[in-house]
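Would you mind keeping the following structure in view while I ask a few things?
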Amino acid sequence: MSKSGKNALSMKILAECSTSKARNAVVTLPHANVDTPVFMPVGTQGTLKGLVPDQLRELDCKIMLSNTYHLGHRPGPDLLDKAGGLHKFMNWDRALLTDSGGFQMVSLLKLAEITEEGVKFQSPHDGSEMLLTPEHSMEIQNSIGADIMMQLDDVVHSSVSGPRLEEAMYSILTPFFPCQKEDFWQMVKLSTDLLPKDKPRYLMGVGFAVDLVVCVALGCDMFDCVFPTRTARFGCALVKTGQLNLKNKSFATDYSPIDAHCTCVTCQTYTRAYLHTLLSNTEPAACNIITVHNVAYQLSLMKSIRESILEDKFPDFVRQFFKDMYPKGDYPSWTTDALSSVGISLS
């Protein structure tokens, strides 16, 4: 609750798809008003790899994600407190969401020991130990000063079964990571059926364009993933037909932009041939240039989704998106099943 007596966090639904569960809303946060559905780029340690905050502002990014576990190690809560929080430390005047550190219980399992008290991590940087408890997670997130904070949950991989899975299920709001997409979409739909309608529905770790479009149809509002930045570091650019691997020799004499219809500074300035040359010479600048485009692609995709919901044309948008992505009509069966469950046919 803010000093004025008004809620610091609120959500107002602006429009709902008349066919599916997609909706357009605005989430009011201390540092920004965020339009949803929204994709949040991941700046694990206070920055997106390959970008600076000014570039994110130029892309009109309103919210980004940072990681409690990593920031708890470096620079640590003491330094963040002295800096006045992560917003001031990284010169970011828009919204921040922090995860709880729970995902590292899966991704860094070899460095973690899970006890009743919490999770004991060994730092991958200097070998020091951190005991991450629900209380300590919130302390770190308060030092960060995030607009949205996540509580620490007991996270298990979908391959886990037996007593360990049962133990996790009795913990609060256990996130579950399905491996098969057929299970995935059904769990997403079930969750959005049960979650409050007047609260944002946040689907963690989802960033493939197809997944974003389908999960918006299933009723999700917020997404994050390292995919657009990580794939840029491998030389891959996101386009409406999928990805372009700019390391391929076929781009060596291609003087067109990544996407002729994209308005980002990368597409307005550089050619595929130039980027291919940078990648061939392992120039670090290539990471920055391609990352700018990939983040722009994700943000533009979400903006188009929002506009289609406002105009009540979301099913038409979905059909065109899939025609562009799969021109042969070979749609993955899980996508047709998922979309059909909310009234959208791709035929």
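The values are calculated or read from the model by the stated rules, or taken from the named source; none is laboratory data. If you're wondering where the values come from, they're calculated on a predicted model, not measured in any experiment. Don't worry about glycine lacking a Cβ; one is built from the backbone with ideal geometry, like all the others, and counts go over all protein chains shown. Ligands, DNA and RNA are stripped out before the accessible areas are found, and what is left, the full protein with its side chains, is counted by its heavy atoms. Shrake-Rupley method; radii C 1.70, N 1.55, O 1.52, S 1.80 Å.
So if I check each of Val318, Val342, which one is open to solvent by less than 20 Å² (accessible area, probe 1.4 Å), outside any helix (DSSP H, G or I), over 23 Å from Phe234 (Cβ atoms) and modelled with pLDDT of 95 or more?
Val342
Which one of Gln320, Gln298 is touching a strand residue (DSSP E or B) at 6+ places or on another chain (Cβ under 6 Å) and not acidic (Asp, Glu)? Step through it out loud before you land on a result.
On the way: Gln320 fails: touching a strand residue (DSSP E or B) at 6+ places or on another chain (Cβ under 6 Å).
Result of the check over Gln320, Gln298: Gln298.
Which numbered condition in (1) within 21 Å of Leu218 (Cβ to Cβ); (2) in contact with a strand residue (DSSP E or B) (Cβ under 8 Å, 6 or more places away or on another chain) is the only one that Phe314 fails?
Evaluating Phe314 over (1) within 21 Å of Leu218 (Cβ to Cβ); (2) in contact with a strand residue (DSSP E or B) (Cβ under 8 Å, 6 or more places away or on another chain) leaves (2) as the failure.
Determine which single condition Thr263 fails, assuming it passes every other condition in (1) assigned to a helix (DSSP H, G or I); (2) open to solvent by 40 Å² or more (accessible area, probe 1.4 Å).
Only one criterion is unmet by Thr263, namely (1).
Does at least one position in region 296-314 carry a residue that is in contact with a helix residue (DSSP H, G or I) (Cβ under 7 Å, 6 or more places away or on another chain), assigned to a helix (DSSP H, G or I) and more than 30 Å from Lys12 (Cα to Cα)?
no
Working carefully through the options Ser347, Ser300, Ser333, Ser308, find the one that is open to solvent by 20 Å² or more (accessible area, probe 1.4 Å), farther than 22 Å from Gln186 by Cα and hydroxyl-bearing (Ser, Thr, Tyr).
Values: Ser347 fails: farther than 22 Å from Gln186 by Cα; Ser333 fails: farther than 22 Å from Gln186 by Cα; Ser308 fails: open to solvent by 20 Å² or more (accessible area, probe 1.4 Å).
Selected residue: Ser300, the only one of Ser347, Ser300, Ser333, Ser308 that is open to solvent by 20 Å² or more (accessible area, probe 1.4 Å), farther than 22 Å from Gln186 by Cα and hydroxyl-bearing (Ser, Thr, Tyr).
Next up: What are the pairs with Cβ atoms under 7 angstrom where one residue, in region 75-91, is farther than 8 Å from Ile144 by Cα and the other, located anywhere, is of a type in the set (A, V, I, L, M, F, W, C) and open to solvent by 80 Å² or more (accessible area, probe 1.4 Å)? Sequence gap at least six, or different chains.
Ala83/Phe89
Only one of (1) modelled with pLDDT of 70 or more; (2) assigned to a loop (DSSP other than H, G, I, E, B); (3) surrounded by fewer than 21 Cβ atoms within 10 Å (Cβ to Cβ) is not met by Pro124, so which one is it?
Failed condition: (1).
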